[in-house]
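Everything on this sheet refers to the single structure shown next.
The values are calculated or read from the model by the stated rules, or taken from the named source; none is laboratory data. All values derive from a computational prediction rather than experimental measurement. Note that each Cβ is placed from the backbone with ideal geometry, even for glycine, and that neighbours are counted across all protein chains shown.
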Amino acid sequence: MTDNSDNRRAALILAAGSGQRFDANGANKVYAQLPDGRTLLRAALETCRAAPALARADIRAVIAAGDKDAYASAVTGLGLGAPVIGGATRSESVRNGLETLASDPPDEILLHDAARPFASPDLTERLFAALAEDKNIAGVFPTRPLHDAVHELNDAGVLLRSLRRDTLARAQTPQVFRFAPLLKAHRASASATDDDAGLVAAAGGNVKAIPGEANNVKVTTPDDLRFVSSADNLRVGSGFDMHRFADETDDSAVIRLGGVEFASRRALLGHSDGDVILHALSDAIYGALADADIGAHFPSADPRWRGADSRHFLRDACERLRARGGRLINADVTFIGAEPRLSERRDEVRASLSAVLGVGAERVSCKATTTDGIGALGRGEGVAASAQVLVALGGLRGQTGD
């Protein structure tokens, strides 16, 4: 879904907890690392940024006052503004975040716990779509069904009564709300709460539940982190592409590599713009997904793709990855050719690739080599590129509770 809404949106990523259940010394769990090297906080932020519904949103993290250095390290390269300092409770932290937006309020807002690093961009899309469908509701939140028997116990652990599990559900974040009723509910409430949907409902707002996601696990204890770190859906993909130079020289020729234009003595022959780096990288992601290749998705016989900007192909591959609940861990690209000299503009190409991929440039490697005069590439008859990617798809080994 593309963000076609005229509504202004914001997002608060809540990361100000003390972590007592995670660490006896109170270390904040949101700065614990996942196997791919990201902190829980960064993973949650990147998921929000990947959702088209939040493409123009003001995304802010709410952190503990003593975590400023840890926060700065965790979000390096994301281009976020200054964080909001949270309070002693989750509800105070939410209120603090809302008040920073109140002077120029958005129409809609998303709240998400940084301790849930695997909520997919698709879930965010569905939440905002549900909010747009019904003008009479103040918010939407995701839930998962209960499959175990549920009992109410007294303080001594004695069973008092059994509850009907078909009328109960487990709430998740992210949750989305119309800003005004959420702010009003928080300003009017004097009690601490971990449930924003319940707070808005108690204040008289209609709040709707939609199906959540099994992978949207909340990390509360060290065992939870070990569980979510057991993901076994890592996939490697590779791609290769080669294009021939035109025979005639053209002093005004321009070729594209990684979305960056280079002056060239000859144009590249190809149905699209001939960007071998973007073609190889797109095919690498398609390969990791076992989802055919560029030729299958964008056939050269289709005139729509004549001269097309190859960033369109890479965006399609990335959208297919996100639709599977996946994320790119890293990409490694090698340009092969005698000219142009890509190494002189390596950082520019890396920045271009990272912008399309939606990840930090530190996750994108770009190298260049020649063939020492051997073969067609060595004779300068064309250029080529190879690419490898590592991706993690949605799904956790041993998933329980659903």
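Data for the structure
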quantity	calculated
Test: PRO117 is under 19 Å from ALA323 (Cβ atoms), over 13 Å from the mean Cα position of the chain (by Cα), touching a residue at least 40 places away in the same chain (Cβ under 8 Å) and not in a helix (DSSP H, G or I)	no
Hits in region 282-300 - residues which are assigned to a loop (DSSP other than H, G, I, E, B), out of contact with any Phe, Trp or Tyr (no Cβ under 9 Å at 6 or more places or on another chain) and more than 14 Å from GLY270 (Cβ to Cβ)	LEU289, ALA290, ASP291
Failed item, numbered, when ASP347 is tested on (1) crowded, with 17+ Cβ neighbours inside 10 Å; (2) under 28 Å from the mean Cα position of the chain (by Cα)	(1)
Residue, surrounded by the most Cβ atoms within 10 Å (Cβ to Cβ), within region 252-268, restricted to residues that are without any contact (Cβ under 8 Å) to a residue 40 or more places away in the chain and assigned to a loop (DSSP other than H, G, I, E, B)	ARG266
Odd one out for PHE227, checked against (1) at pLDDT 80 or above; (2) within 31 Å of the chain's Cα centre (by Cα); (3) farther than 26 Å from ARG315 by Cα; (4) crowded, with 17+ Cβ neighbours inside 10 Å	(1)
Options ALA202, ALA169; residue that is in contact (Cβ under 8 Å) with a residue 24 or more places away in the chain and either of a type outside the set (Gly, Ala, Ser) or surrounded by 14 or more Cβ atoms within 10 Å (Cβ to Cβ) (or both)	ALA169
Residue match in region 296-308 (condition: at pLDDT 90 or above and within 18 Å of the chain's Cα centre (by Cα))	no
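Okay, residues lined up against (1) touching a strand residue (DSSP E or B) at 6+ places or on another chain (Cβ under 6 Å); (2) assigned by TED's automatic domain parsing to the domain that holds SER238; (3) basic (Lys, Arg); (4) not in a helix (DSSP H, G or I):
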residue: GLY307; (1), (2), (3), (4): no, yes, no, yes
residue: LEU314; (1), (2), (3), (4): no, yes, no, no
residue: ALA317; (1), (2), (3), (4): no, yes, no, no
residue: ILE329; (1), (2), (3), (4): yes, yes, no, yes
residue: GLU339; (1), (2), (3), (4): no, yes, no, yes
residue: GLU344; (1), (2), (3), (4): no, yes, no, no
residue: GLU348; (1), (2), (3), (4): yes, yes, no, no
residue: ALA351; (1), (2), (3), (4): no, yes, no, no
